[in-house]
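First comes the structure, then the notes that go with it.
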């Protein structure tokens, strides 16, 4: 386990999470949320939880993001916060 | 000082989960946009999954898939210390599924709300309710 | 076969839920009978289980044949046995009562509706029966998800109310999951009995304290105890009437059962009431919940909304009674879980019947309702008397236990809150009776023609009358219930 | 409101930090979590179930009952979306667009008029139509079969490597979703219809619950796969391994069907007419 690598990913997780909540465009927020999930998945893979990482990669970064994009497409991209 | 440093370094994964959890909780309660709230809800759930996975971590151990299981397994003795604790992983697979199921229902409801009020902002929705 | 009842009671409804979906594509008329059959089986199994428990003590069942800490084990004792019967009976009565209304109002979506209905009940039964802390979370989520959908299918603002419920409910469930994680971290086990066996050496640990507080916060959120009740009134009042007769009586009561189970079985009374020392604070919270629930109920202008605030006050009764931590009050709290489920069912079914005929339940539209729907109103009167706490009905007995427990504990604020709430309930219901019985109907502009009897469908009347009869029977036999079942449900350490 | 929320969040964080002070260090091999229950799973997964991937063994056997309900959760999410959004009595779309393929001319047909759906020359297109893209279309068409193959591999190989029914099902569903995104929703529905998703999701969970019930009838406890030994003609330990495979297939079917139907319903507003 390389601790620098893990540290960078931990940092990116928090950045992506805050970014997904802060960005003023819902489509961007959904994509950033996908990035957050993917970083999370890398983190779990580093910790040795391969099954959980695999699931998160397919569900969190894959299908969830598609569902978000579909919902944003059917509603609006506009947000005030 | 050393004790504090040991506390911070020894448990930094736990601190990250607390930070993420607070971010998620704050977003669910304070954000006005429904999709943003749903993202916050998901971050909250992922933070808890991170916590469980951190419980399972074990230094000096490998992933919970037994090597050389079927070729010459007789003389190969399995030590529990060699493999990471699998139980939290199992629990979290279930939790991820629950999270995506909740996400689906929440998105369906938010589409329904949008069709009804024409906006996703909570304050604008309440304004419309008050007007009608 | 009888040793497999604990599995069958959950699995038959679960399989029925999937069969309903398939049946929906073949012929919609099969949906309701399949659901009714599944719930009847569950009720039969629950009754048999209670008899078994009464005869021979706690029953355990090992899922997949793995013993206690390794696998998932069901443990049925007197406490969850009786709650199982209540859950399946209430669900069955509501299913039968609303069947004709559902067939008329939701003809195009019968299959998904009944599928979710049965899954909801499966989740509740599973929560009650399980002996594994994590399994409880999964079942909790089944109940919540189906509940969100059933509430969200309502008209007007129901989707928004349901979305709010999702946010609050998910936070609550996540907190519960986090609490279980803390327990797992400090004990390494997920089985409730196993955790309880390990915990005594860890009573001083900060992790266990945090686990307890987080778990309880999550459960309070789910059961809508006063400061965390925000989601409940809108969700229950805006839900389709056919559903609120299911969700309102069961969800909060089952959550209170979970609280009792976690506090007594997992953390043991010695920790919950001894080491922790927060009982007084929670009783005061319950007192505030009762008073605020009653006040807010007074300011409502429609029947269902008023009933939801009464539900909030009733949550205060049970939480307060439990945390008073003496035997009498706890008996009252457990008895009230049973009685309150029955009486909430009765009044919500009546509200459903009224809304079906009037398309509204605002007080000003209720004029002359006694002449139009005499049977419904008769049942509503019995339910109201029980909620107020008038002797032959069951509400009186559980309230009596709660009151004497409060006096024994010397907590007079709780006693006063209970009496105040009963008074407010009396005011609330007699206002409705006054409007429905005495205010002249013709003032509204309709002729006497509209005053003819115009009752809800037969099945609805049957289950209304059954619910009303159950209220009186529970009242008459409450002594037997207490001595034969509830006495065994409360651990012996509590005096 | 914001201040109250902030206070609540800070209180909650404070409680969590207070609780974490007594935590064992991260990755400590002697923490209770790693010493109480998990050694049993690690040491006995092979002797008990003959499955090298301990996570799969625990997921589908020791805690198989949880997993059954996990599948039920996914199923109920699918049904919930169906109940909430699906319009069973669709009102006809305001207008439809048809494209004359040889010339590229687009015709708009207002409500009432209709063209035969399957003429060679006219192709129905979405209201927000993007011109035909060779790279996207060909790329996706090439990828879809391989993704499906990989999904089947993940389901079948869950005993020996990370993966299993759930992951495989999601990947299979993702392949169908990719097809729907790259082409359009209608051609995806022609391949995997709505009725099919409903049947498959019910069938998947029925396989799981039915296997459990079968074990019960054969004399074991619910979901005790070793009771299937006589039926499968193997010893009880191998029967557990096979039982795990059977239920994983059920999970995969249910998850795939629900993921696809969630996408259909969300992306088309419940009309299953025009998608993303």
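The values are calculated or read from the model by the stated rules, or taken from the named source; none is laboratory data. Remember, predicted model here, so these are calculated numbers, not experimental data. Here Cβ is always computed from backbone atoms with ideal geometry, including for glycine, and neighbour counts include all displayed protein chains.
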- Task: Name the one entry in A:43, A:67 that is in a helix (DSSP H, G or I) and more than 12 Å from chain D (Cβ to nearest Cβ).
- Result: A:43
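So that you can scan it fast, the table gives a plain yes or no per residue for (1) within 7 Å of another protein chain (Cβ to nearest Cβ); (2) modelled with pLDDT under 90; (3) farther than 21 Å from residue C:215 by Cβ; (4) part of a helix (DSSP H, G or I):
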| site | (1), (2), (3), (4) |
| --- | --- |
| B:5 | no, yes, yes, yes |
| B:8 | no, yes, yes, yes |
| B:14 | yes, yes, no, yes |
| B:22 | yes, no, no, yes |
| B:29 | yes, yes, no, yes |
| B:37 | yes, no, yes, yes |
| B:40 | yes, no, yes, yes |
| B:44 | yes, no, no, yes |
- For the subset of segment D:38-68 comprising residues that are within 7 Å of chain C (Cβ to nearest Cβ) and crowded, with 24+ Cβ neighbours inside 10 Å, which member is farthest from residue C:67 (Cα to Cα)? D:66
- Item | Set C:107, C:89, C:78, C:133: member being modelled with pLDDT under 90 and either buried (at least 23 other Cβ atoms within 10 Å of the Cβ) or closer than 30 Å to residue C:242 by Cβ (or both) | C:107
- Do we have any residue at all in segment C:153-169 that's at the interface with chain D (Cβ under 10 Å from one of its Cβ atoms), outside any helix (DSSP H, G or I) and in contact with a strand residue (DSSP E or B) (Cβ under 8 Å, 6 or more places away or on another chain)? no
- Item | Of the criteria (1) modelled with pLDDT of 90 or more; (2) crowded, with 24+ Cβ neighbours inside 10 Å; (3) under 30 Å from residue D:62 (Cβ atoms), which one residue C:189 fails | (1)
- Item | Single condition residue C:104 does not satisfy, out of (1) away from chain D (no Cβ under 12 Å); (2) farther than 23 Å from residue C:253 by Cα; (3) not in a helix (DSSP H, G or I) | (3)
- Query: Can you tell which of B:82, B:121 is in contact (Cβ under 8 Å) with a residue 24 or more places away in the chain and touching a strand residue (DSSP E or B) at 6+ places or on another chain (Cβ under 7 Å)?
  - Reply: B:121
- Note on the structure: Listed by range, helices (runs of 4 or more DSSP H) wholly within segment D:149-258 having at least 1 residues that are closer than 26 Å to residue C:74 by Cβ are D:165-182, D:194-217, D:229-232
- Looking at C:60, C:70, which is the one that is surrounded by fewer than 17 Cβ atoms within 10 Å (Cβ to Cβ), within 14 Å of chain D (Cβ to nearest Cβ) and over 30 Å from residue C:107 (Cα atoms)? C:60
- Just checking, how many residues over segment B:73-132 are assigned to a helix (DSSP H, G or I) and more than 7 Å from every other protein chain (Cβ to nearest Cβ)? 13
- Task: May I ask you to verify whether residue C:237 is at pLDDT below 90, surrounded by 24 or more Cβ atoms within 10 Å (Cβ to Cβ), assigned to a helix (DSSP H, G or I) and away from every other protein chain (no Cβ under 11 Å)?
- Result: yes
- Message: Going by what's in this entry, would residue C:225 be described as surrounded by 24 or more Cβ atoms within 10 Å (Cβ to Cβ) and either within 10 Å of another protein chain (Cβ to nearest Cβ) or over 27 Å from residue C:284 (Cα atoms) (or both)?
- Response: no
- Query: Which condition breaks for residue D:274 when tested against (1) crowded, with 23+ Cβ neighbours inside 10 Å; (2) touching a residue at least 12 places away in the same chain (Cβ under 8 Å)?
  - Reply: (1)
- For segment A:46-59, what are the residues that are more than 7 Å from every other protein chain (Cβ to nearest Cβ) and within 11 Å of the chain's Cα centre (by Cα)? A:57
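Each row is one residue, and each column tells you yes or no for (1) within 21 Å of residue C:89 (Cβ to Cβ); (2) facing another protein chain (nearest Cβ under 9 Å).
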{"site": "C:5", "(1), (2)": "yes, no"}
{"site": "C:8", "(1), (2)": "yes, yes"}
{"site": "C:18", "(1), (2)": "no, yes"}
{"site": "C:21", "(1), (2)": "no, yes"}
{"site": "C:24", "(1), (2)": "no, yes"}
{"site": "C:27", "(1), (2)": "no, no"}
{"site": "C:32", "(1), (2)": "yes, no"}
{"site": "C:38", "(1), (2)": "yes, no"}
{"site": "C:46", "(1), (2)": "yes, no"}
- Note: among D:223, D:214, just one is free of Cβ contacts under 8 Å to residues at least 24 places away in the same chain and either out of contact with any helix residue (DSSP H, G or I) (no Cβ under 6 Å at 6 or more places or on another chain) or at the interface with another protein chain (Cβ under 8 Å from one of its Cβ atoms) (or both), namely D:214
- Do we find that residue A:60 is in a helix (DSSP H, G or I), crowded, with 20+ Cβ neighbours inside 10 Å and at pLDDT below 90 in this structure? yes
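The rows are residues; the columns are (1) under 17 Å from residue D:248 (Cβ atoms); (2) in contact with a helix residue (DSSP H, G or I) (Cβ under 7 Å, 6 or more places away or on another chain); (3) modelled with pLDDT of 85 or more.
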residue: D:15; (1), (2), (3): no, yes, yes
residue: D:22; (1), (2), (3): no, yes, no
residue: D:33; (1), (2), (3): no, yes, no
residue: D:55; (1), (2), (3): yes, yes, yes
- From D:20, D:34, grab the single residue that is on the phi < 0 side of the Ramachandran plot, crowded, with 24+ Cβ neighbours inside 10 Å and within 9 Å of chain C (Cβ to nearest Cβ). D:34
- Query: Pick from C:95, C:136: which is in contact with a strand residue (DSSP E or B) (Cβ under 6 Å, 6 or more places away or on another chain) and in a helix (DSSP H, G or I)?
  - Reply: C:136
- Expected single match for under 22 Å from residue C:276 (Cα atoms), at pLDDT below 90, in contact with a helix residue (DSSP H, G or I) (Cβ under 9 Å, 6 or more places away or on another chain) and more than 8 Å from every other protein chain (Cβ to nearest Cβ) among C:203, C:176 is C:203
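Each row is one residue, and each column tells you yes or no for (1) in contact (Cβ under 8 Å) with a residue 24 or more places away in the chain; (2) within 14 Å of residue B:42 (Cβ to Cβ).
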{"residue": "A:15", "(1), (2)": "no, no"}
{"residue": "A:20", "(1), (2)": "no, yes"}
{"residue": "A:24", "(1), (2)": "yes, no"}
{"residue": "A:41", "(1), (2)": "no, yes"}
{"residue": "A:48", "(1), (2)": "no, no"}
{"residue": "A:55", "(1), (2)": "no, no"}
{"residue": "A:63", "(1), (2)": "no, yes"}
{"residue": "A:79", "(1), (2)": "yes, no"}
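A quick yes/no check of all residues on (1) touching a helix residue (DSSP H, G or I) at 6+ places or on another chain (Cβ under 6 Å); (2) closer than 20 Å to residue A:52 by Cβ:
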residue	(1), (2)
B:20	yes, yes
B:31	yes, no
B:39	yes, no
B:79	no, no
B:101	yes, yes
